[in-house]
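Chemist: Here it is, the structure in full.
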Amino acid sequence: MRKKLLFISSLLFSLLVNGQVKTTVPAKEAPSRIKVYTPSGESSSSGKSSKDNSYKWAVKTDVFGIISGEFPLIAEYRFAPKFSAEISAGVTYAYIPNDLFSDSEDPFNTKAAMGTAFRGTLKFYPSSDYDAIEGWNFGIQLFSKTTNRDYDETGADALFLNGKKSTKSKTGISLIIGKQIFEDSNVTIESFFGIGFASNKTDSFKREANDIVSDNKTETKPNFQLGLRIGFGN
């Protein structure tokens, strides 16, 4: 009888101990993933290209140009991570006399008239912190600018001169050094300095003896530029 009680007690104790031990099932490992974060903070799985949030284009005008009588519309587009192309087209209004900085003055009265201005620039952005079109930049610019002034004479000279123009044309090439930054609301501000050479051609009239004759000159001079551009981009 004692053997039976001992056997039953041992069996119950074994069942009680086994009931307290939980059977553990090995957890299935999740596949590891490497996260790549874009500049905006959005994540994507490795192997997928991240979103490019850098600026790609800008449209602007030049405040200094307007002060000097040039009213440009400027478009810049990034075609490579560090390079952009910029095109400028505008009109001029020569309220500053064409002969203001010339050695010889126009002997006749003139008034402001419309002209044209075109510029094309290839720009390089070397900064490692930004892609084009933000930060410091260097560029080569080709330009052409024409300023016209209408003759405004009275008396006998008016019969010959009125309807004709005093024209100054400037065509050349410049090295441009500038910096472009973007503010809130995608507003862009760019300042630059340019130095190069330009062919200056003037077509005007002068008095010779009792006649009025053409006075045409062409000369090559150093050319300097200052710019302060304001616009927006994305």
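Chemist: With only Lys, Arg, Asp and Glu charged, each at its Cβ (+1 for the first two, -1 for the last two), find how big the charge dipole of the range 162-234 is about the Cα centre; round to the nearest 20 debye.
Modeler: Rounded to the nearest 20 debye, it is 300 debye.
Chemist: Loop only per DSSP, at most 15 neighbouring Cβ atoms within 10 Å: give me the GluC sites (Glu not before Pro) in the range 99-157, ordered by residue number.
Modeler: Taking the range 99-157 and a limit of 15 other Cβ atoms within 10 Å, the loop GluC sites (Glu not before Pro) found are Glu105.
Chemist: Continuing with the same structure: Run the simple label-point estimate for Ala209 and Asp152 please: 7 Å along Cα→C-beta, distance reported in nm.
Modeler: The answer from the label model is 3.2 nm.
Chemist: Another question, then. Students sometimes get this wrong: rank Leu175, Leu161, Leu226 by accessible area, probe 1.4 Å, all chains present, largest first.
Modeler: If we order Leu175, Leu161, Leu226 from most to least accessible, we get Leu226, Leu175, Leu161.
Chemist: So which chymotrypsin sites (Phe, Trp or Tyr not before Pro) in the range 132-192 are both in a DSSP loop and have at most 15 other Cβ atoms within 10 Å of their Cβ?
Modeler: none
Chemist: Multiply the residue separation of Ser199 and Val187 by 0.36 nm, subtract the distance between their alpha-carbon atoms, and state the gained length in nm to one decimal.
Modeler: Working it through step by step, the gained length comes to 0.8 nm.
Chemist: Largest first and in whole Å, what are the equivalent-ellipsoid semi-axes of the range 44-167 based on the Cα gyration tensor, each being the root of 5 times an eigenvalue?
Modeler: 46, 12, 10
Chemist: Using only the Cα atoms of the range 103-234, what semi-axes does the equivalent ellipsoid have when each is the square root of 5 times a gyration tensor eigenvalue? Give whole Å, largest first.
Modeler: Result for the range 103-234: semi-axes of 42, 16, 9 Å.
Chemist: I've got another one for you. Express the C-alpha Rg of the range 154-228 as a ratio against the empirical globular expectation 2.2 N^0.38 Å, rounded to two decimals.
Modeler: Dividing the Cα Rg of the range 154-228 by 2.2 N^0.38 Å gives 1.79.
The values are calculated or read from the model by the stated rules, or taken from the named source; none is laboratory data. Note that the structure is predicted; figures quoted are calculated from it, not measured. Every residue, glycine as well, gets a Cβ built from its backbone with ideal geometry; the counts of neighbours run over all protein chains shown. Accessible surface areas use protein heavy atoms only, side chains included; no ligands, DNA or RNA. Shrake-Rupley method; radii C 1.70, N 1.55, O 1.52, S 1.80 Å.
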